[in-house]
1. Testing residue B:41 on (1) closer than 16 Å to residue A:194 by Cα; (2) open to solvent by 70 Å² or more (accessible area, probe 1.4 Å); (3) at pLDDT below 90, one condition comes back false. Which one is that?
2. Determine, yes or no, whether residue A:198 is surrounded by fewer than 16 Cβ atoms within 10 Å (Cβ to Cβ) and modelled with pLDDT of 80 or more.
3. Hey, can you tell me all the residues within segment B:56-67 that are open to solvent by 50 Å² or more (accessible area, probe 1.4 Å) and not in a loop (DSSP other than H, G, I, E, B)?
4. Here are some conditions: (1) open to solvent by 50 Å² or more (accessible area, probe 1.4 Å); (2) facing chain A (nearest Cβ under 7 Å); (3) hydrophobic (A, V, I, L, M, F, W, C). Residue B:53 meets all but one. Which one does it not meet?
5. Which ones in segment B:104-138 are acidic (Asp, Glu) and modelled with pLDDT of 90 or more?
6. Hey, does segment B:23-39 have a residue that's within 14 Å of chain A (Cβ to nearest Cβ) and either among the aliphatic types (A, V, I, L, M) or not in a helix (DSSP H, G or I) (or both)?
7. Just for segment A:169-188: of the residues that are among the hydrophobic types (A, V, I, L, M, F, W, C) and more than 15 Å from the chain's Cα centre (by Cα), which one is least open to solvent (accessible area, probe 1.4 Å)?
Amino acid sequence: MVEFLFRENNIEQYLDDPDAKLMLKFKEEEDPSAFEELMRKNFSRIMNFIYRFVADRELAEDLTQEVFIKIYNSASNYYPRSKFKTWAFTIARNISLNELRKNKGQVVSLDKPFKHGEDDMSLQVEDKTVSKPDDEIIKEELVDAVGKAINELPANQRTAILLIRYEGFSYEEIARTMNTTVSAVKSLLSRARETLKEKLADIVSG
Amino acid sequence: MDCKRLKSQIYEYLDNELQEADMQQFSEHLGACAECQKAYEAIKRTWDALEVLPNVEPTPNYMSRFWAEVATRQNVVDRARARLSQMFLTWKLVPVYVSLCLAISVFAIRNYMQFEQSRQILAEMSQEEIEMVEYIELAENYELIDEIEFFEDFEIIQNLDDLSVTQS
């Protein structure tokens with residue numbers, strides 16, 4: 001509780017965040033190039049987060065568009081109350097969770113390998129006519145095993161793992177993104193890591 | 001630092017969340033303890049394995065797609081706004097709006113006059129009359145209350161248990 005109250009103080013610090021500055025520039029000057037700069041810096045990153053969340057490249061790109069449309073529509077009321085990245089990832093997380101709820105059981109099938117569009121790994125694996133080097137096959141198996149293990153995590157644990165492992169967020173930043181406490185984040189990460197360790201034990205040690 | 005403490009801090013070490021002093025103690029112990037190195041390597045292998053997930057890039061036209069989508073949605077909002085304007089901001093509806101305004105004005109004036117009248121009556125009333133008005137509901141039921149011997153009945157009901165004990 002104290003942690004939540006403390007967070008709202010000292011909001012001036014976020015005015016130095018370069019992305020927050022771009023957002024304010026877009027808000028005050030209605031300069032589309034500022035918003036485009038913001039997109040160039042963050043689109044790919046957010047798209048990858050969503051892609052790892054929903055395991056579908058095309059859907060990830062569509063949902064990332066939604067994230068930026070939400071950001072665009074919020075510009076007129078924008079004031080930096082947190083780092084831009086934690087705010088943007090909060091929106092990305094909410095949109096991904098809504099999508100999962102909307103298509104429960106359809107978006108993320110636990111047996112479904114990660115979909116990359118034309119580079120879909122499953123297509124390559126199933127093509128028996130093409131012989132492949134052993135290490136490439138091993139890598140593909142590892143990609144599928146890791147993707148599946150992450151997809152099987154509960155949504156909260158998955159969010160925390162993705163943010164720390166792939167986005168390099170601190171515990172504090174994850175807590176802000178997920179609107180929870182640092183100790184809750186540590187607990188989520190600990191449970192997620194235990195699960196991943198168990199599920200990947202064979203493939204990692206082998 | 002002992003082995004138990006090091007093992008509890010492996011994840012925080014990998015996440016770069018240890019304080020500087022703890023980080024140094026951790027590294028020193030890890031360099032000197034084979035058992036801890038083994039535990040650390042096992043966890044790190046799983047952690048490193050997560051790196052294999054591929055990165056994806058947005059389609060090259062993602063920016064133009066975005067602005068096109070913004071324009072489409074803006075058009076939808078503009079069209080809805082224009083339709084609403086057409087519906088409500090038209091000269092045909094002026095008599096309706098004028099009638100509504102008149103009706104609201106008449107209602108407001110009537111309420112104000114009633115309020116003023118009540119205030120005047122209240123100002124002319126004595127304290128006794130005001131009390132009577134306050135307890136007007138009791139006055140309405142006065143005859144009924146007078147007819148029933150309520151308090152006597154109430155006492156009987158209250159002492160019913162005692163009476164039955166005495167009888168037995």
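1. Looking at each condition in turn, residue B:41 falls short on (3).
2. On the way: surrounded by fewer than 16 Cβ atoms within 10 Å (Cβ to Cβ): yes; modelled with pLDDT of 80 or more: yes.
So residue A:198 passes the test.
3. Our first condition is that a residue be open to solvent by 50 Å² or more (accessible area, probe 1.4 Å); within segment B:56-67, this holds for B:57, B:60-61, B:64-65, B:67.
Within segment B:56-67, B:64, B:65, B:67 qualify.
4. With (1) open to solvent by 50 Å² or more (accessible area, probe 1.4 Å); (2) facing chain A (nearest Cβ under 7 Å); (3) hydrophobic (A, V, I, L, M, F, W, C) applied to residue B:53, the lone miss is (1).
5. To start, the set of residues in segment B:104-138 that are acidic (Asp, Glu) comprises B:116, B:124, B:128-129, B:131, B:134, B:137.
The answer is B:116, and nothing else.
6. Checked against the condition, which is being within 14 Å of chain A (Cβ to nearest Cβ) and either among the aliphatic types (A, V, I, L, M) or not in a helix (DSSP H, G or I) (or both), segment B:23-39 yields at least one hit.
7. First, the residues of segment A:169-188 that are among the hydrophobic types (A, V, I, L, M, F, W, C): A:169, A:174-175, A:178, A:182, A:184-185, A:188.
So of that shortlist, the ones also more than 15 Å from the chain's Cα centre (by Cα) come out as A:182, A:184-185, A:188.
Values: A:182: 34, A:184: 33, A:185: 0, A:188: 20 Å².
Across segment A:169-188, the extreme among qualifying residues is A:185.
Condition check ((1) farther than 29 Å from residue A:203 by Cβ; (2) touching a Pro at 6+ places or on another chain (Cβ under 9 Å); (3) touching a residue at least 12 places away in the same chain (Cβ under 8 Å); (4) not aliphatic (A, V, I, L, M)) across all residues:
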{"site": "B:7", "(1), (2), (3), (4)": "no, no, yes, yes"}
{"site": "B:10", "(1), (2), (3), (4)": "no, no, yes, no"}
{"site": "B:13", "(1), (2), (3), (4)": "no, no, yes, yes"}
{"site": "B:22", "(1), (2), (3), (4)": "yes, no, yes, yes"}
{"site": "B:25", "(1), (2), (3), (4)": "yes, no, yes, yes"}
{"site": "B:30", "(1), (2), (3), (4)": "no, no, yes, no"}
{"site": "B:34", "(1), (2), (3), (4)": "no, no, no, no"}
{"site": "B:40", "(1), (2), (3), (4)": "no, no, yes, yes"}
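The values are calculated or read from the model by the stated rules, or taken from the named source; none is laboratory data. All values derive from a computational prediction rather than experimental measurement. As a convention, Cβ positions derive from the backbone with ideal geometry for all residues, glycine included, and neighbour counts pool all protein chains shown. Surface accessibility is based on the protein's heavy atoms, side chains included, excluding ligands, DNA and RNA. Shrake-Rupley method; radii C 1.70, N 1.55, O 1.52, S 1.80 Å.
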